[in-house]
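Asker: Attaching a single structure in structure tokens format; questions to follow.
The values are calculated or read from the model by the stated rules, or taken from the named source; none is laboratory data. None of these values were measured; they are calculated from a predicted model. With ideal geometry, Cβ positions are generated from the backbone for all residues, glycine too; neighbour counts draw on all protein chains shown.
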Amino acid sequence: MIWLRQVDAHLRALLPVATALIAVLIDVAPVVGAGPASLTSFATLCAVYFWSLYRPDLFTASAVFIVGLVYDALAGLPLGLSSLALLLVRNLMVVQQRFFLARSFPVIWCCFLLLAPAVEAARWLLSCLWWGHLFALRPMLLEMLITMALYPPASWLLGRIHNQIPRLIHAS
């Protein structure tokens, strides 16, 4: 029965990556009844921000890179564009983890409110450079606002999932 507990612990350790991949699917899923220019969020950013802060041991840079590649492949973006932005977010969160963990949710959300526009602007600018075309700002701004509003419920949900992950994973 010990092996069963170990399998359970290892499967729970995959939850950060699994939830980030689910966020990717939510981001790229077509909205029923909406046109091709429908607005979505960048829920993947919410997941990367959350897991990079609370469980960077389970949400490694390579996992973030893969999540970004999957996002780009499914969204039809240049491979690596989202990976670059998400890796920068992860790095910032890991470097500043001590600061953030000592703060309340409103402070963490305010930092997200500062970070999200920078990430969205970087993705927009890199897309414009890649395709050699200046894309409209309005869709990017609306996506950014939706993403910023999405963080509190996403954080609440990811916090519930986080509580299901054991603190120490013993491999044998």
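Asker: Among (1) surrounded by fewer than 16 Cβ atoms within 10 Å (Cβ to Cβ); (2) in contact (Cβ under 8 Å) with a residue 40 or more places away in the chain; (3) of a type outside the set (D, E, K, R); (4) part of a helix (DSSP H, G or I), which single condition is residue 78 missing?
Answerer: Here residue 78 clears every test but (4).
Asker: Next question, about the same structure. Tally up the residues in region 84-104 that are closer than 20 Å to residue 154 by Cα, at pLDDT 95 or above and of a type outside the set (A, V, I, L, M), please.
Answerer: 1
Asker: Do we find a residue being surrounded by 14 or more Cβ atoms within 10 Å (Cβ to Cβ) and within 16 Å of the chain's Cα centre (by Cα) anywhere in region 125-141?
Answerer: Looking through region 125-141, none of the residues is surrounded by 14 or more Cβ atoms within 10 Å (Cβ to Cβ) and within 16 Å of the chain's Cα centre (by Cα).
Asker: Restricting the search to region 57-69, which residues are part of a helix (DSSP H, G or I), surrounded by fewer than 19 Cβ atoms within 10 Å (Cβ to Cβ) and β-branched (Val, Ile, Thr)? Give the steps one after another, and end with the answer.
Answerer: Start the filter on region 57-69 by keeping residues that are part of a helix (DSSP H, G or I), which leaves 61-69.
Still in the running and surrounded by fewer than 19 Cβ atoms within 10 Å (Cβ to Cβ): 61-62, 65-66, 69.
Hit for region 57-69 is 66, nothing else.
Asker: Further, regarding this structure: With respect to the numbered conditions (1) out of contact with any His (no Cβ under 8 Å at 6 or more places or on another chain); (2) buried (at least 19 other Cβ atoms within 10 Å of the Cβ); (3) within 17 Å of residue 151 (Cβ to Cβ), which one is the sole condition not fulfilled by residue 54?
Answerer: Unmet for residue 54, out of (1) out of contact with any His (no Cβ under 8 Å at 6 or more places or on another chain); (2) buried (at least 19 other Cβ atoms within 10 Å of the Cβ); (3) within 17 Å of residue 151 (Cβ to Cβ): (1).
Asker: Let me ask another. Report the residue count in region 86-118 for those that are touching a helix residue (DSSP H, G or I) at 6+ places or on another chain (Cβ under 7 Å), in contact (Cβ under 8 Å) with a residue 40 or more places away in the chain and over 14 Å from residue 151 (Cα atoms).
Answerer: Qualifying residue count for the region: 7.
Asker: Applying the selection to region 142-156, what residues are without any contact (Cβ under 8 Å) to a residue 24 or more places away in the chain and surrounded by 14 or more Cβ atoms within 10 Å (Cβ to Cβ)?
Answerer: Residue satisfying the conditions is 145 alone.
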